[in-house]
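Okay, structure first, notes after.
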Amino acid sequence: MNKVFDRSNWGRIRLTGADRVRFLHNQTTNNIEQLSAGQGCHTVFVTSTGRTIDLATVYAMADSLLVIVSPGMDQQLYDWMDRYIFFSDKVTLTNESEQTFMFTVLGDDSARLQESLGLAEMPTQAFTHQLFQIAEEECLMSTNSDLGLPGYTFIGPKAVAEPLWSALTQVVTTPGTAEEWETLRVMQGRPMPSQELTEDENPLEAGLWHSISFEKGCYIGQETIARLNTYQGVKKRLWGFQMQKPVTPGAVIYVAETKVGNITSVTQTSDDTLFALGYLRTKAGGEGLSVEIEGVSAEAIALPFIKHEYQT
């Protein structure tokens, strides 16, 4: 095991009621109706014009859907969904962010981790999850790290946060910091609101193809996203950039003297190398493209978390 991170600042919204699956299916980009209890997926909230609001994680349970959203986005997305619930809809929203915790362990030693908690071994497929109890409180364990790295996420009532954290640190031994998480996020290429996910970008530009179903029926923003896919209308794409000197978020990316994009996030790696995320115009090129950012040379790099085409 590597490290355990406290991600309790991320939002958690639960949907209950007979229409919960149909409702969320119609609200977001992925095929929620195909999920069985114990499964999950990434999905994207988008505007009616196909612009990104947030990348979310959905966990399907027998009687509810638990939706994980980015830090600071819980109330906005609660209100967004609430406005689309009509009188006849059997859907109830509960914002559980303040009443629950969320911890993520990065590492692939699942057997030792589950044994320490007295849990049966889980399948390793992404987003698989099971419920277990600590001091008679129900908690969730998922095979999803939200970074595309091997790992596990735990969610439960705050009353048992301390004993679970203690149990995890006895196995993992090393708590991770918010700064370390941000470095991993940038190096993996996981986009975040107000940085890579804004009203200027759509999910295809952000590389979130794995979070979109092109076979499902209508949802908010579906027509725009379908046209972008059909007519190859993705005008920019998200890439990584490695460099030796710091640059600032928002910096312009140049090829020769031509502006071809902008930097969105910057972090310093453990070996003091600088790594950034940024959007490049599709026509300018992609992986391997040599660019200049505030006088610093860099090269476009593919990112593990995202894809730039649909994969079945």
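The values are calculated or read from the model by the stated rules, or taken from the named source; none is laboratory data. Computed from a predicted model, the values in this text were never measured in an experiment. Positions of Cβ are generated from backbone atoms using ideal geometry, with glycine treated the same way; all protein chains shown enter the neighbour counts. Calculation scope for accessible area: heavy atoms of the full protein, side chains included, ligands and nucleic acids excluded. Shrake-Rupley method; radii C 1.70, N 1.55, O 1.52, S 1.80 Å.
Things to note:
- Additional length obtainable on full extension of the chain from GLN170 to THR128, 0.36 nm per residue less Cα span: 12.7 nm
- Alpha-carbon centroids, segment 60-129 and segment 270-312: separation in whole Å: 31 Å
- Bridge type composition, segment 137-264 - antiparallel percent by DSSP, nearest 5: 90 percent
- Relative contact order (%) - segment 33-93, alpha-carbon pairs under 8 angstrom, separation at least six: 23 percent
- Here the contact order of segment 263-312, divided by its residue count and restricted to Cα pairs under 8 Å and six or more residues apart, works out to 21 percent.
- Positive-end residue of SER211, TYR310, TYR231, charge dipole of segment 198-312 with Cβ unit charges: TYR231
- Across segment 83-155 the C-alpha pair distances fall into 10 Å bins from zero in the proportions 17, 42, 24, 13, 4 percent.
- Take the Cα of ASP63, step 7 Å toward its Cβ, do the same at SER270, and the gap between the two points is 4.4 nm.
- In the chain, lysine pairs closer than 16 Å at Cα, eight or more apart or cross-chain: 7
- Segment 140-267 - percent relative contact order, Cα under 8 Å, separation 6 or more: 18 percent
- Of the solvent-accessible surface of segment 153-293, computed with a 1.4 Å probe and all protein chains present, 49% belongs to carbon and sulfur.
- Efficiency of FRET between THR258 and ASP200 - r from beta-carbon atoms, R0 22 angstrom, step 0.05: 0.65
- Remark: spin-label model distance TYR310-TYR84 equals 2.0 nm, labels positioned 7 Å along the Cα→Cβ axis.
- Where both bridge residues fall in segment 68-218, DSSP classifies roughly 95% of the beta bridges as antiparallel.
- Neighbour net charge for LYS259 - beta-carbon separation under 11 angstrom, K R +1, D E -1: -1
- Inter-probe distance in nm under a simple model that places probes 7 Å from Cα toward Cβ, at ALA226 and THR248: 4.4 nm
- Kirkwood's formula applied to the C-alpha pairs of segment 172-267 gives a hydrodynamic radius of 15.7 angstrom.
- The packing ranking, built from the mean of other Cβ atoms within 10 Å per residue, places the peptides 7-15, 289-297, 131-139 in the order 7-15, 289-297, 131-139, highest first.
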